[in-house]
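The values are calculated or read from the model by the stated rules, or taken from the named source; none is laboratory data. All figures in this text were calculated on a predicted structure; none of them were measured in a lab. Please note: Cβ atoms are built from the backbone with ideal geometry, for glycine as well, and neighbour counts cover all protein chains shown.
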Amino acid sequence: MDFPLLALAVILAWDGYFFVNYIISLFSNYRIREWTPKVSLIIPAYNEGERILRAIKSALAQDYPDFEVIVVDDGSEDDTYEIASSIKDPRLRIYRKEHGGKAKALNFGLAKASGEIIATTDADSELDKNALKGLVRRFHSDEILGVGGQVRIMGSSFLERAQDIEHLRIAMFRRAKELDDLSLAPGPIAAFRREALERIGGFVEDIVEDYATTKAIKKLGKVVYAPMAKVYTEMPKTLSKLWRQRKRWFLGDLKNLGGGFTKDWAFLLFSDFVAFLDVILPPLLLVLGRFELFAFWYGFEVITMLVPTFVEGGSFFNALFFPFIVWFWALFYLTLHVYGYVRLLLGRL
């Protein structure tokens, strides 16, 4: 058995499956509805004095006719409240509450909101000017109760570039498989029908409140993806902070596992198997002198990233180095997932 060739075939089949579906999605019917309900955009903030001004300004700059912005200072110990209050705009309201966590801050904002559609973003994020419009247009029927947009990463360090490539890959996956059945409406850019949130008792209090809320909403109706709605956000700049963030996300995901094939155990474990092959195959090909297979793998991975880079936007430099970045992420997530599985088996989630 030619193991390197077999491993390469598995990787190409896995990546190729999503790539082909992504291409098909670009020509599929992207259903929208032209309507302009009032939107309440909630920004929870905790110790975000250095970033809150940018988040509010991008929120107020939305190209949308009827919206309000509600900032909830979740008991910050810095000057978040004072800086937010320095902006004077009739569409903006600032509130302060004792510290209770992000979900409680969102629910505080929900109680103050007057919009038919409730949108969320983060205090360390900057919305594209068409973000609200892009979210709202995807509520194309009454069965659509939630919409999630595309998250991209600010910054130019290796980790920030790697995370932007990661989120571009996520955008590719969501177009390919989750355009009309989104598994996660991300906190930095999401929108829900107010009545749906009220039916589930508000935003779910969980360490991954966006995933838990999406899962609860999907029991009542559909959540879809809006790739035209974008937000640019900050992410960890050091490996230790990245590990802590992704550990929190993954352990929270394990507790909420569900939501169809893309979130069940079979999918998760098989994706980890592919990640294992991603880690061992490139160095193995070089050690064995199988340079033609290495070149084929490298070229294939670059092509599968150049297309979404062109469509969704991003750095072509990043795409050219994507094979190295995908190797980094495969190793990172394989390590993280093994850690999470051990925690699960020990009952320490």
Seminar exercise, completed: Residue set 306, 286; condition over 26 Å from residue 26 (Cβ atoms) and touching a helix residue (DSSP H, G or I) at 6+ places or on another chain (Cβ under 7 Å); output residue 286
Exercise. Is it fair to say residue 91 is loosely packed, with under 14 Cβ neighbours inside 10 Å and either of a type outside the set (Phe, Trp, Tyr) or modelled with pLDDT of 95 or more (or both)?
Worked result: yes
Exercise. So which residues in the range 191-207 are under 17 Å from residue 121 (Cβ atoms), under 17 Å from the mean Cα position of the chain (by Cα) and not aromatic (Phe, Trp, Tyr)?
Worked result: 191
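Yes/no per residue for (1) under 17 Å from residue 173 (Cβ atoms); (2) modelled with pLDDT of 90 or more; (3) acidic (Asp, Glu):
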position	(1), (2), (3)
234	no, yes, yes
239	no, yes, no
260	yes, no, no
271	yes, yes, no
290	no, yes, no
303	yes, yes, no
323	no, yes, no
326	yes, yes, no
Problem set entry | Elements of type helices (runs of 4 or more DSSP H) contained in the range 29-129, each with 3 or more residues being out of contact with any Pro (no Cβ under 7 Å at 6 or more places or on another chain) and without any contact (Cβ under 8 Å) to a residue 40 or more places away in the chain | 52-60, 80-85
Problem set entry | Among the residues listed as 302, 287, 326, 311, the single one being over 28 Å from residue 153 (Cα atoms), outside the structural domain of residue 153 (by TED's automatic domain parsing) and β-branched (Val, Ile, Thr) | 287
For this session: Quick one: in the range 144-202, of everything that is over 20 Å from residue 28 (Cβ atoms) and among the hydroxyl-bearing types (Ser, Thr, Tyr), which residue is surrounded by the fewest Cβ atoms within 10 Å (Cβ to Cβ)?
Result: 156
Seminar exercise, completed: Reported set for the range 54-74 where residues are surrounded by fewer than 18 Cβ atoms within 10 Å (Cβ to Cβ) and over 23 Å from the mean Cα position of the chain (by Cα) is 65, 66
Exercise. Within the range 119-129, can one find any residue that is surrounded by fewer than 21 Cβ atoms within 10 Å (Cβ to Cβ) and either outside the structural domain of residue 52 (by TED's automatic domain parsing) or of a type in the set (A, V, I, L, M) (or both)?
Worked result: no
Problem set entry | From the options 348, 343, residue that is in a helix (DSSP H, G or I), at pLDDT below 95 and among the basic types (Lys, Arg) | 343
Exercise. Does the range 310-320 contain any residue that is in contact with a Lys or Arg (Cβ under 8 Å, 6 or more places away or on another chain) and among the polar types (S, T, N, Q)?
Worked result: yes
For this session: Could you tell me which residue of the range 75-88 is surrounded by the most Cβ atoms within 10 Å (Cβ to Cβ), considering only residues that are touching a helix residue (DSSP H, G or I) at 6+ places or on another chain (Cβ under 6 Å) and not polar (S, T, N, Q)?
Result: 84
Problem set entry | residue 10 surrounded by 13 or more Cβ atoms within 10 Å (Cβ to Cβ), among the aliphatic types (A, V, I, L, M) and in contact with a Phe, Trp or Tyr (Cβ under 6 Å, 6 or more places away or on another chain) | no
